[in-house]
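Below: the structure, in structure tokens.
Read-outs: derived from the displayed coordinates by stated rules, not from any lab. Treat the numbers as computed from the prediction; the structure is a model and nothing was measured. FYI the Cβ positions are ideal-geometry reconstructions off the backbone, even for glycines, and counts take in every protein chain you see.
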Amino acid sequence: MLKAAQAHLWFVTIHPFDDGNGRIARAIADLALTRAEGSPQRFYSMSAQIRAERNEYYAILKATQKGKQDVTAWMVWFLSCLHRAIDGADVVLSAVLDKVNFWNVHQGAGLNARQVKVINRLLDGFEGKLTSSKWAKLTKTSQDTANRDIAALVHLGILRKGEAGGRSTHYHLVLPIP
């Protein structure tokens, strides 16, 4: 892990190319981490985490490069960033496993393509509350078709109607217990 941090820092500090140094430095870090782990599978990406924390990355990089060659703060930041990348992978893997479990439980439910599409959106982290209007918009169907699709899923126990009624009626996905 320390070699990955140092290799990244050295490459981006040397800055040998006009463009792409950051991408190459992130790839070098990911390669060094992969080699250190000795595992054919990785479920996190240091590169993606650095991109997500771009402002902090540039700040620590600037401070390290302008300093007196003390890389301690950089190493601490890099390792903390790596920890956050691994923690993030837990969340992603949990969501993937929930999705697999859901479809294993409901594989014979006879759902139509619209229902599968919206359920996948819900499983992937749909923002806001699912309403029949949003359903109709997502599936490019009429309000009546959306209501029929939703009613069928409520009947199957896949969707549950929210507490509010009337214009505030919304639905929640019911995840099966693994």
Item to check | Ordering of 82-90, 161-169 by packing [mean C-beta count within 10 Å, highest first] | outcome: 82-90, 161-169
Item to check | Part-to-part distance (alpha-carbon centres) for region 87-162 and region 1-37, which is given in Å | outcome: 40
Next on the checklist: If each DSSP helix of 4+ residues adds -39,500 (n - 2.57) and the sum is divided by the residues in the chain, what number results at 222 nm, nearest 500 deg cm²/dmol?
Outcome noted: -21500 deg cm²/dmol
Checklist entry - Label residue 1 and residue 141 with points 7 Å out from Cα along Cα→Cβ: what is the distance between them in nm? => result 4.9
Item to check | Simple spin-label estimate for residue 10 and residue 97 in nanometres, 7 Å along Cα-Cβ | outcome: 3.8
Item to check | Candidate lysines for bridging to residue 3, where Cα separation is under 29 Å - those fewer than 8 sequence places away on the same chain excluded | outcome: 62, 66, 68
Checklist entry - Which lysines have a Cα less than 28 Å from the Cα of residue 117, not counting those fewer than 8 places away in the same chain? => result 99, 129, 134, 137, 140, 161
Checklist outcome for this item: Among the Cα-Cα pairs of region 2-95, the proportion with separation greater than 15 Å, in percent, is 60
Next on the checklist: Which three extents, in angstrom, do the Cα atoms of the chain have along their principal axes, listed largest first?
Outcome noted: 67, 34, 30
